[in-house]
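*Asks:* I have a structure here, written as structure tokens, and I will follow up with some questions on it.
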Amino acid sequence: MTTELVYSKQYTDLTREDLMQKVSEQMSDKRFQHVLRVEKKALELANNYQIDKEKASIAALTHDYAKERPDEEMIDIIQNEGFSSELLEYGNAIWHGILGAYLVKTELGITDQEILDAITLHTTGAKEMSDLAKVIYVADYIEDGRDFPGVVEARESAERSLDEAVSYETYHTLTYLLKSKKKIYPKTLETYNYWVVSH
Ligand code: DGI
Ligand code: FE
Ligand code: FE
């Protein structure tokens, strides 16, 4: 399924192969293999839930674009490109999606807002997420290389409903963050309050 996808040029002038090349230049081979597995899973979910496959492919291939940028460069962008200084209290785990969308736009020329929002929200989720954003959030969590207690249940929930999968992932990610005493980013709590508690 993956390799048959030919881009329409609506969202990027790059071919899928060019985009893969540009993404691979930004990261280790290990992480690039994760990116390819996220794309595979995102295309499966897009197929099951009638979501645009080309957008799912582009968002999946670019979701971790900024994951290996040096902290100094990310801090410089936060301070000089209009991002909230609150971000400085966090680290790359939180930065790479939010600043990733900015870098994908400025460096790769991808301007589709739904794709950019899916990149922005892929780590924390949000109360309001498009189906595309849900697909990327979930595909990142359940791609075939992931192996953690609960991943089978997470994959099963994604077969039943995208919303159920978002809820499952959010609950388990927040539980993990609390157990390891990590700082919770407000958006992560917003996602929990909406998708786990009161949806
Ligand atoms: O980039 P990936 O490793 O493929 O996956 P990701 O972007 O979903 O998650 C990166 C990490 O971010 C993951 O270990 C969970 C963590 N994370 C998610 N929400 C929060 C968070 N870390 C902190 N400190 N605070 C959060 O609210
Ligand atoms: Fe990520
Ligand atoms: Fe990822």
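The values are calculated or read from the model by the stated rules, or taken from the named source; none is laboratory data. Because the structure is predicted, anything quoted here is derived from the model rather than measured. Cβ placement follows ideal geometry from the backbone for every residue including glycine, while neighbour counts extend to all protein chains displayed. Please note that ligands, DNA and RNA were not included when accessible areas were found on the heavy atoms of the full protein model with its side chains. Shrake-Rupley method; radii C 1.70, N 1.55, O 1.52, S 1.80 Å.
*Asks:* In what order, largest first, do E159, E190 sit by accessible area if the probe radius is 1.4 Å?
*Replies:* Highest to lowest solvent-accessible surface, that is E159, E190.
*Asks:* With θ set to phi - 60°, apply the Karplus curve 6.51 cos²θ - 1.76 cosθ + 1.60 along the range 174-187 and write out the HN-Hα couplings as whole Hz, x wherever there is a Gly or Pro.
*Replies:* 5, 4, 4, 5, 5, 4, 9, 6, 8, 6, 8, 6, x, 4
*Asks:* Apply the Karplus parameterisation 6.51 cos²θ - 1.76 cosθ + 1.60, with θ equal to phi minus 60°, to every residue of the range 114-119 and state each ³J(HN,Hα) to the nearest whole Hz, in sequence, with x for glycine and proline.
*Replies:* Running phi through 6.51 cos²θ - 1.76 cosθ + 1.60 with θ = phi - 60° gives 5, 5, 4, 5, 5, 5 Hz.
*Asks:* So if I take the alpha carbon set of the range 102-189, get Rg, then get Rh from the Kirkwood formula, what is the Rg over Rh ratio?
*Replies:* Rounded to two decimals, Rg/Rh equals 1.00.
*Asks:* Let me ask another. Tell me, what HN-Hα J-couplings in whole Hz come from the Karplus equation 6.51 cos²θ - 1.76 cosθ + 1.60 at θ = phi - 60° for each residue of the range 98-107, using x for Gly and Pro?
*Replies:* Rounded to whole hertz, the list is 5, 6, x, 4, 4, 6, 5, 5, 6, 9.
*Asks:* As a quick test, which of the pairs K53/K127; K55/K181; K40/K105; K105/K181; K30/K182; K41/K127 have an alpha carbon distance above 30 angstrom in this structure?
*Replies:* Too far apart for the 30 Å limit: K55/K181; K105/K181.
*Asks:* If you don't mind, there's one more thing I want to ask. Over what distance in Å are the Cα centres of the range 1-47 and the range 135-163 separated?
*Replies:* So the separation of the two Cα centres works out to 19 Å.
*Asks:* Normalised by the empirical 2.2 N^0.38 Å for globular proteins, what value does the Cα Rg of the chain take?
*Replies:* My calculation over the Cα atoms of the chain gives 0.97.
*Asks:* Please list, by residue number, every one of the trypsin sites (Lys or Arg not before Pro) in the range 1-103 that is coil in DSSP and has at most 13 other beta-carbon atoms within 10 Å.
*Replies:* Loop-located and lightly packed - K9.
*Asks:* While we're here: Starting from the amide H of K182, placed 1.01 Å from N in the peptide plane, find each other amide H under 5 Å away whose residue is 5 or more places distant or on another chain.
*Replies:* Sorted by chain and number, the residues that satisfy this come to none at all.
*Asks:* Still on this structure: What does the net charge come to around T120 if you take all other residues with beta carbon closer than 11 Å to its beta carbon, with K and R at +1 and D and E at -1?
*Replies:* Computed value for this residue: 0.
*Asks:* Between E159 and K9, how many nm apart are label points set 7 Å from Cα along the C-beta direction?
*Replies:* Between E159 and K9, the label points sit 4.1 nm apart.
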